[in-house]
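For reference, the structure is listed below as structure tokens.
Just so it is clear, none of the values below were taken in a lab; they were calculated from the coordinates. Since this is a predicted model, take the numbers as computed values, not measurements. No Cβ is skipped: glycine too gets one built from the backbone with ideal geometry, and neighbour counts run over all protein chains shown.
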Amino acid sequence: FVSENDVVMAICNRLLASRLALNRSIVNLIVVDARSRFKSVFRDDAAYVQNINSAAIFLCQANEVLELPIGQIALRSRVAVAEQCTEEQLKSTAKHTYDSLIATGNPPVIGKDISSLFMIVSNWSKVGFLDKFDFSPAIVKPSATARPGAKPGHAVYFHSQLPGKGFFSMNMVTIMGRDLTGNFWLSGEFSAATWDSAIEFFNSYM
């Protein structure tokens, strides 16, 4: 099977590839929750406040991204998560990253060559912000209008965007998930040329 996250990654790969030389490769980094996968380290009955993540990585070359069906690229994402996100693999990744930081001061650089394009995708939909953040005890007066499906004191929408210059200047996608009416939300940081491709892609379905 493939998830919505896998399909979004595949589409974003195609948008990036449409503006690249055919021999260039795209390095895809999928942000994954490490805490839930390190069963021998983190306890289920304890509270942890830090954000602990790791990554699964797969490469695609621009020409194959444009030639293969979206489903085939999405499957690469799913295979990467399945193969690289076991506890043993994540521990190995953490050790490799640690060794690189100690030796060079930087995390390891992964890619086919120096012309590789880097993209990060982070899926927030599993967090369930709309359900888990409950501010109802702070309600002084209920709203005069009821929104279908809305829970008092719960967010109906949230957004992921920095008001200033971000650490990653481009090629980063954050999947927020679906709102109360089923609309699918995501944010993306891309070059202007990639956004032109995105508009063409979305218009083709309208």
*Taking the inverse of the average 1/r across all pairs of different Cα atoms in the chain, what Kirkwood radius in Å do you get?*
19.3
*Hey, if you put +1 on the Cβ of every Lys and Arg and -1 on every Asp and Glu Cβ in segment 40-160, which of 57, 109, 127 ends up farthest toward the positive end of that dipole?*
127
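With Cβ to Cβ distances under 12 Å as the rule, what net charge do the other residues near residue 154 carry (K, R +1; D, E -1)?
Numbers: positive: 132, 147, 151; negative: 131, 134, 179.
Residues near residue 154 contribute 0 overall.
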_Separation in nanometres of the label points that stand 7 Å from Cα toward Cβ, at residue 113 and residue 126_ = 3.5
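Give, rounded to the nearest 20 debye, the magnitude of the charge dipole that the chain has about its Cα centre when Lys and Arg contribute +1 at Cβ and Asp and Glu contribute -1 at Cβ. Don't skip to the answer; put the middle values down first.
Values: 19 positive and 18 negative charges, 77 e Å.
Here the size comes out at about 360 debye.
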*In what order do 45, 99, 113 fall by count of nearby beta-carbon atoms within 10 Å, going from fewest to most?*
45, 113, 99
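Would you mind calculating the gained length between residue 21 and residue 63 on full extension (0.36 nm times residue separation, minus the Cα-Cα distance), in nm to one decimal? Before the final figure, lay out each step's value.
On the way: separation 42, 0.36 × 42 = 15.12 nm, distance 0.81 nm.
Extra length from residue 21 to residue 63 when fully extended: 14.3 nm.
Can you put 57, 73 in order, fewest other beta carbons within 10 Å first? Working shown, then result.
On the way: 57 14, 73 25.
Lowest count first: 57, 73.
Just rank 130, 180, 16, fewest to most, by other beta-carbon atoms within 10 angstrom. Don't skip to the answer; put the middle values down first.
On the way: 130 20, 180 15, 16 25.
Ordered from fewest to most neighbouring Cβ atoms within 10 Å, 130, 180, 16 come out as 180, 130, 16.
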*Sum up the charges of everything whose Cβ sits under 15 Å from the Cβ of residue 129, counting Lys and Arg as +1 and Asp and Glu as -1, but leave residue 129 out.*
0
_Testing the spin-label approximation: label points 7 Å from Cα along Cα→Cβ at residue 101 and residue 86. State their distance in nm._
2.5
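Could you tally the net charge around residue 36, taking each other residue with its Cβ under 12 Å from the Cβ of residue 36, Lys/Arg +1 and Asp/Glu -1?
In short, +2.
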_In segment 1-160, lysine pairs closer than 18 Å at Cα, eight or more apart or cross-chain_ = 4
